[in-house]
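Here the structure is laid out as structure tokens; the discussion comes afterwards.
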Amino acid sequence: MKRLVLLVPLVAFLLLTLFLYRGLFLKPEELPSALIGKPIPAFSLPAVEGQSLITDKDLLGRPALLNVWATWCVACRVEHPVLNRLAAQGVLIYGVNYKDDNAMARQWLADFLNPYRLNIQDAEGRLGFDLGVYGAPETFLLDKNGIIRHKFVGVITDQVWREQLAPLYQELQGE
Amino acid sequence: MKRLIAITLLLWVSVGWAAIDTYEFSTDAERARYRVLVEELRCPKCQNQNIADSNAPIAMDLRQEIYRLIQEGQTDEQIIEYLVARYGDFVRYNPPLSFNTLLLWFGPLFLLLGGVVGVRWMVRQRQQKTDTSALPLTDAEHQRLASLLERKKHD
């Protein structure tokens, strides 16, 4: 018993090390979304290109990615080629052009190709606010009923897609 | 010199107030509610700042939104609920009691209890030690003492 008591500091130290080690890999800047399992908020906003209005009803029918982007967002530029590749593979991607200048957004799409099936113009950031967006890029995974099933904060790279998002997307397609 | 100090102080003051917007409130009570809310709510983008202190665009949006909701006549609870529905419990510096926050609320209490138990255990150990030294001698110890004293006398 006496001997075991001597081990207490060592055990405490090992526990602390374990927690600190885990802390190295935590990403406190990625908040869990409060909207998982909830439908996309209702909206009616103009499209980035063309004159039509887009509403939440237009996003129903098939599982899709809802990607929040902007021309002022440097990381979105890194992400854009990946989205282009995914769109070419047949992944359905909707865009939310968040707090952006519409002319610049159009120019961006002309310069870097357009991976978005529909692109929502959210100049005021109202839709972004309802989605709990706090930066860009952020990407929501929607099921065919328009329910938000997953949120990814940050740049979607090929690796992120392969390891995190593709399995979820495929699962949704099977539903 | 005094003038220089005064100017420096004035510059300092203006920096301190940089993140505060100039919203117009019709009553002082509303202004006070606004101050409490922006200080109690946390900026989602920044790691540990309330939305009153932050200059992040999202913090400005949240301040704007809180101002709008106060103008609409919503209560503090409604406003907090509105923001939590979008940004989650993260935005509250005063988290609600739920399964996820049990450890947060009661963890310190458990640590305190652990400390109390530890201290009591140590105190008891020490008492036992002193108690054994104060116990009356056993028969065997009496004999040994007597023989030791006897030997001392002979020396």
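Read the figures in this text as sums done on the coordinates, not as results from a lab. Keep in mind that this is a model prediction, so the values were computed, not measured. Glycine also receives a Cβ, built like all others from the backbone with ideal geometry; neighbour counts cover every protein chain displayed.
Structure summary
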{"read-out": "Most mobile listed residue (B:62, B:104, B:37) in chain B, GNM with C-alpha springs under 10 Å", "value": "B:104"}
{"read-out": "Distant-in-sequence amide H partners of residue A:132 (H built 1.01 Å from N, under 5 Å)", "value": "none"}
{"read-out": "Neighbourhood charge, 15 Å Cβ-Cβ cut-off, centred on residue A:89 and excluding it, Lys, Arg +1 and Asp, Glu -1", "value": "+3"}
{"read-out": "Separation in nanometres of the label points that stand 7 Å from Cα toward Cβ, at residue A:6 and residue B:109", "value": "3.8"}
{"read-out": "Computed FRET value (nearest 0.05) for residue A:16 with residue A:163, which takes r as the C-beta separation and R₀ as 45 Å", "value": "0.90"}
{"read-out": "For B:93, B:23, order by how many other beta-carbon atoms lie within 10 Å, fewest first", "value": "B:93, B:23"}
{"read-out": "Cβ-based exposure ranking for B:45, A:151, A:144, in which fewest neighbours within 10 Å come first", "value": "A:144, B:45, A:151"}
{"read-out": "Mean ellipticity per residue at 222 nm, deg cm²/dmol - from DSSP H runs of n ≥ 4 across chain B, formula -39500 (n - 2.57)", "value": "-22500 deg cm²/dmol"}
{"read-out": "Label-to-label distance, nm, for residues given as residue A:62 and residue A:75 (7 Å Cα→Cβ offset)", "value": "2.8"}
{"read-out": "Cα→Cβ-extended label distance, 7 Å offset, between residue A:171 and residue A:51, nm", "value": "4.4"}
{"read-out": "Per-residue Cβ neighbour rank within 10 angstrom, fewest leading, B:122, A:104", "value": "B:122, A:104"}
{"read-out": "Span-like helix ranges in chain A, DSSP H, alpha carbon extent 27 angstrom or more, Kyte mean at least 1.6", "value": "A:2-24"}
